[in-house]
Amino acid sequence: MSIPQEHDYIGLSEPLSSEKISYKMAAAAAEGVTPSLNVEKIGVFNLKETELRLGLPGSEAPDRKGGIGIGVSLFGKELKGESMCVKSFVSGAKRGFSDAINGAGKWGLSINGGSAAGLGENGGSNVKEEIPALKPVEERKNGASITAPASKAQVVGWPPIRSFRKNTLATNTPKKDDAAGKPGPGCLYVKVSMDGAPYLRKIDLKTYCSYPEISAALEKMFSCFTIGQCGQGLAAKEHLSESHLMDLLHGSEYVLTYEDKDGDWMLVGDVPWEMFTDSCRRLRIMKGADAIGLAPRTMQKCKSQN
Amino acid sequence: MDQDHKKLKESPFPCEGLEKVLSFIDSHKDRSSASLVCKDWYDAERWTRSKLFIGNCYSVSPEIVARRFPKIKSVRLKGKPRFSDFNLLPQDWGANVHAWLVMFAKVYPSLEELRLKRMTVSDESLDLLARSFPGFKALSLSSCDGFTDEGLKAIATHCRTLTELDIADSVTVDIGGGWLSCFPEGFASLEILNFASLQCEVSFDALERLVSRCRALRVLKVNESINLEQLQRLLVQVPHLTGLGTGSFMQELTPRQYEGVQSAFSNCKNLQVLSGLWDATSLYLPLVYGACASLTFLNLSEADLRSGELAKFLPHCTSLRRLWVIDTVGDKGLEAVGLSCPLLEELRVFPIDPYDLDNRQGVTEVGFLAVSRGCPNLNYVLYFCRKMTNDAVATIVQNCPDFTHFRLCIMNPGEPDHLTNEPMDEAFGAVSKTCTKLRRLSVSGLLTDMAFEYIGKFAKNLETLSVAFAGSSDRGMQCVLEGCPKLRKLEIRDCLFGNAALLSGLDKYETMRSLWMSACNLTIKGCRLLAKEMPRLNVEVIQDEWSDETHANKVYVYRSLAGPRQDAPPFVLTLGGEDI
């Protein structure tokens, strides 16, 4: 049985490596026999990230995939001004992910650490191998690293979508295989989605100069869907300082979050404006309840304010 | 008997007659067959061929072409392997059109049409093109790269008889829009203009004037920089369009503007193809309803509609044959397709969230089933989903046995049937068995060798096969190579097929256009063996960060009359038979 070689595309941290490769094992074992395998795990390449984590920054979250996603904005208020801390929390868990990616794709059924090449040498003969222990092969010497652009693991060129298709949530994959692409100058379109709204909008970040501007614009854009019940918009006030924006968290029905270049979800308002426009890849208007994790209380608060 | 034989030899079929007859033959396959009959037919054919199709620019050289065909007016040329569309090919791999243009300029001064796919086209090349062919009419650049607005400026400025400029799907960076203003004031011959994929701002003024001059314009596809109000002004000039690509729908319209746009659309009675529709939402989508009665192709792949919006739209498009949508329409949206589009032949469903960043479900087997029930004429499908079942696919092909193109992409690699947890082998077995006209197949999901056994056994008309993250042993690939007599293109990525599989196709590859294998289990030695046994194949290994002295991570094999590439960059290794 030849050794499968894959670029890592799952990005689960190490403990799950057995699960993520089990389909290969199954395939190898199959030989026409329906594999009885740990198939529940197979489909679970993408863990549903609907659960929120309540741990403090720095706590372990080993079974999360690279992107912490919603969990990060949980800590909005506490982490104001501590965005670095958020990042390290995230990168802690991400380390497993980026290791996986940097393992340069030699996940596989390694047979006593022997390389695939060795097996292949036998040219025509079919080499039968026992199903080996599942462990990642050592990091390759050339140590090629892919920049992992998104929170979930991405295989180069998979799914097979053309990069000109702008209307996807993924960023345009760079033309070069190995270089991180930079978005063009000129304009900086990012998608804005809002929980519960039937469609996405796109805005050009370059047309705004400050947080209050962008919140006002977004509120206008999505005004038909907000808020209604809870009264407080994203940025009802005209002169909104960055800290005001944070203050709105508790009261408002909706919270503005964004995904940065590393795939982490951050609260809008955490960082200086320029840094924000440099790193923001898309925006998401989340229900404040989800973001803060205090659903019942927030709703009550809203109701009482009506 | 002998006497008759001699007579035949003395008075052969008059060659003018033969040439006349052959000049009616368009299909390059038929012409190829004709040319093989005998020397006379070969000569007659080469003198009368005016349309050239080269499926792999490296399979032949410009010199060989120039020698054989003296009178070419129209060229279709394809370059890079298809996986370059998905960034699997390093930059500067090749497929540069320049050498071809130099030859065309020398040998075919009356060239009228050039259609390129996946080729690198520099500004210098476009300039050469613009200046070398006084009667040049049609330029189409599909999935090409390498040019900027400078090259387009040359085309606009110098091609006085241009009827078609189609920059479909070509991606350029940092391109300006000044080229559009370079069409001279007297220039009025344009019939097809498509710059939808260019990210640049053009002068609307120049565009409006151009459109008003070109009375024969039948296809106009603008880019996102054109808004609704501007679109209206264009439409009133050319209501007779048969193909329209709108600009962006993201604009706030006053009620008066709304009416104006709506009326402009309603006056487009001949529209067959509609695309663009960026950011079209329920607010403004109804603007186009009036133009859709004779629509045969609706491309909504840039408009992330929901099911309700699609369901409201479709009843206005009663003649629809081809539909492209984004999976935000969901299974419910596809149910609406099944109900409203009985004549549908082609469906493509693209994912809005290919990397599952937002845990969006997209579409499943339910939607596909619904379409198959309502659209029995379906023959082309491209379907991106996260869940599928073997049973559903079997039912789908029972409902629609006429599939010629079946491209199913279950986006999670190695995903099994989500109800039974079994591999998806039976699904593709059903496709292969039931769809006897199948020419193109893309497989996905958890697949063992069984799937490939089915394909090899039943898919006798298969020409193109795409495989990813599949198979359990070399035998899988072998089954396909041995079983599919018409196979022309085989592209494989991230499978465990190794040298044995590669070498099992020794006799096959010369009958094929090309083989691509990446992230499989091939070694340099295995590839060298192939190269040694089959000297008329180019066996190329692309070195990248995952290659080393032994592992051949990206392998491209193709037949060629031109020998090894002369223009190969340093990271492309053409293997010969030496040093086994």
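Of note:
- Restricting the stretch B:189-217 to residues that are under 24 Å from the mean Cα position of the chain (by Cα) and open to solvent by 40 Å² or more (accessible area, probe 1.4 Å), the residue that is farthest from the other protein chains (Cβ to nearest Cβ): B:E191
- Leading residue by the ranking (farthest from B:I410 (Cα to Cα)) among those in the stretch B:342-368 that are assigned to a loop (DSSP other than H, G, I, E, B), more than 7 Å from chain A (Cβ to nearest Cβ) and open to solvent by less than 30 Å² (accessible area, probe 1.4 Å): B:L344
Per-residue answers, yes or no, for (1) part of a helix (DSSP H, G or I); (2) of a type in the set (D, E, K, R); (3) more than 14 Å from every other protein chain (Cβ to nearest Cβ); (4) closer than 13 Å to B:I192 by Cβ:
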residue	(1), (2), (3), (4)
B:D127	yes, yes, yes, no
B:A130	yes, no, yes, no
B:G135	no, no, yes, no
B:L139	no, no, yes, yes
B:G151	yes, no, yes, no
B:I155	yes, no, yes, no
B:R160	no, yes, yes, no
B:D169	no, yes, no, no
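- Residue within the stretch B:200-214 that is within 15 Å of B:L244 (Cα to Cα) and in a strand (DSSP E or B) present: no
- Of all residues in the stretch B:469-480, those being open to solvent by 10 Å² or more (accessible area, probe 1.4 Å) and either in a helix (DSSP H, G or I) or touching a residue at least 40 places away in the same chain (Cβ under 8 Å) (or both) number 4.
- Some residue of the stretch B:218-231 being open to solvent by 40 Å² or more (accessible area, probe 1.4 Å), touching a Lys or Arg at 6+ places or on another chain (Cβ under 9 Å) and either without any contact (Cβ under 8 Å) to a residue 24 or more places away in the chain or away from chain A (no Cβ under 14 Å) (or both): no
- Any hit, the stretch B:451-459, residues being open to solvent by 30 Å² or more (accessible area, probe 1.4 Å), closer than 21 Å to B:K387 by Cα, among the aliphatic types (A, V, I, L, M) and within 12 Å of chain A (Cβ to nearest Cβ): no
- Residue check for B:R386: within 14 Å of chain A (Cβ to nearest Cβ) and closer than 22 Å to B:V467 by Cβ: yes
- When B:D494 is tested against (1) on the phi > 0 side of the Ramachandran plot; (2) free of Cβ contacts under 8 Å to residues at least 60 places away in the same chain, exactly one condition is not met: (2).
- Among (1) within 12 Å of chain A (Cβ to nearest Cβ); (2) within 17 Å of B:V393 (Cβ to Cβ) - the single one B:S432 does not satisfy: (1)
- When B:G290 is tested against the conditions (1) open to solvent by 10 Å² or more (accessible area, probe 1.4 Å); (2) under 23 Å from A:I161 (Cβ atoms); (3) modelled with pLDDT of 95 or more, the lone failure is (2).
- Selection count where residues are in a helix (DSSP H, G or I) and either in contact (Cβ under 8 Å) with a residue 12 or more places away in the chain or within 14 Å of chain A (Cβ to nearest Cβ) (or both), scope the stretch B:62-106: 20
- Filter result for the condition that a residue is over 28 Å from B:R440 (Cβ atoms) and charged (D, E, K, R), over B:K554, B:K486, B:K525: B:K525
- Any hit, the stretch B:515-529, residues being open to solvent by 40 Å² or more (accessible area, probe 1.4 Å) and of a type in the set (A, V, I, L, M): yes
- Boolean, B:D474 is more than 13 Å from every other protein chain (Cβ to nearest Cβ), in contact with a Gly (Cβ under 9 Å, 6 or more places away or on another chain) and not aliphatic (A, V, I, L, M): no
- Looking only at the stretch B:369-384, and only at residues there that are assigned to a loop (DSSP other than H, G, I, E, B) and crowded, with 23+ Cβ neighbours inside 10 Å, the one that is nearest to the chain's Cα centre (by Cα): B:L378
- Of residues in the stretch B:68-89 being open to solvent by 30 Å² or more (accessible area, probe 1.4 Å) and touching a strand residue (DSSP E or B) at 6+ places or on another chain (Cβ under 9 Å), the one farthest from A:R162 (Cα to Cα): B:K73
- Top-ranked residue of the stretch B:484-499 - restricted to ones that are open to solvent by less than 10 Å² (accessible area, probe 1.4 Å) and away from every other protein chain (no Cβ under 14 Å), ranked as farthest from B:V555 (Cα to Cα): B:C484
- Identity of the residue in the stretch B:305-326, in a helix (DSSP H, G or I) and either of a type in the set (V, I, T) or modelled with pLDDT of 95 or more (or both), that ends up surrounded by the fewest Cβ atoms within 10 Å (Cβ to Cβ): B:P315
- For B:P109, the test of being in a loop (DSSP other than H, G, I, E, B), open to solvent by 20 Å² or more (accessible area, probe 1.4 Å) and at pLDDT 95 or above is passed.
- Search result, residues across the stretch B:508-529 that are more than 10 Å from chain A (Cβ to nearest Cβ), within 11 Å of B:V541 (Cα to Cα) and within 23 Å of the chain's Cα centre (by Cα): B:W516, B:M517
- Per-region count, the stretch B:165-179, residues in contact with a strand residue (DSSP E or B) (Cβ under 9 Å, 6 or more places away or on another chain), of a type outside the set (S, T, N, Q) and buried (at least 22 other Cβ atoms within 10 Å of the Cβ): 2
- Subset tally (residues that are open to solvent by less than 30 Å² (accessible area, probe 1.4 Å), charged (D, E, K, R) and touching a strand residue (DSSP E or B) at 6+ places or on another chain (Cβ under 6 Å)) for the stretch B:10-67: 0
- Out of B:D391, B:D402, sole residue that is more than 14 Å from chain A (Cβ to nearest Cβ) and assigned to a helix (DSSP H, G or I): B:D391
- Per the listing B:T434, B:T448, B:T420, the residue uniquely over 27 Å from B:D353 (Cα atoms), open to solvent by 20 Å² or more (accessible area, probe 1.4 Å) and polar (S, T, N, Q) is B:T434.
The values are calculated or read from the model by the stated rules, or taken from the named source; none is laboratory data. All of these numbers come straight from a predicted model, not from anything done at the bench. So basically every Cβ, Gly included, is an ideal-geometry build from the backbone, and we count neighbours across all protein chains shown. SASA here: full protein model, heavy atoms, side chains in, ligands and nucleic acids out. Shrake-Rupley method; radii C 1.70, N 1.55, O 1.52, S 1.80 Å.
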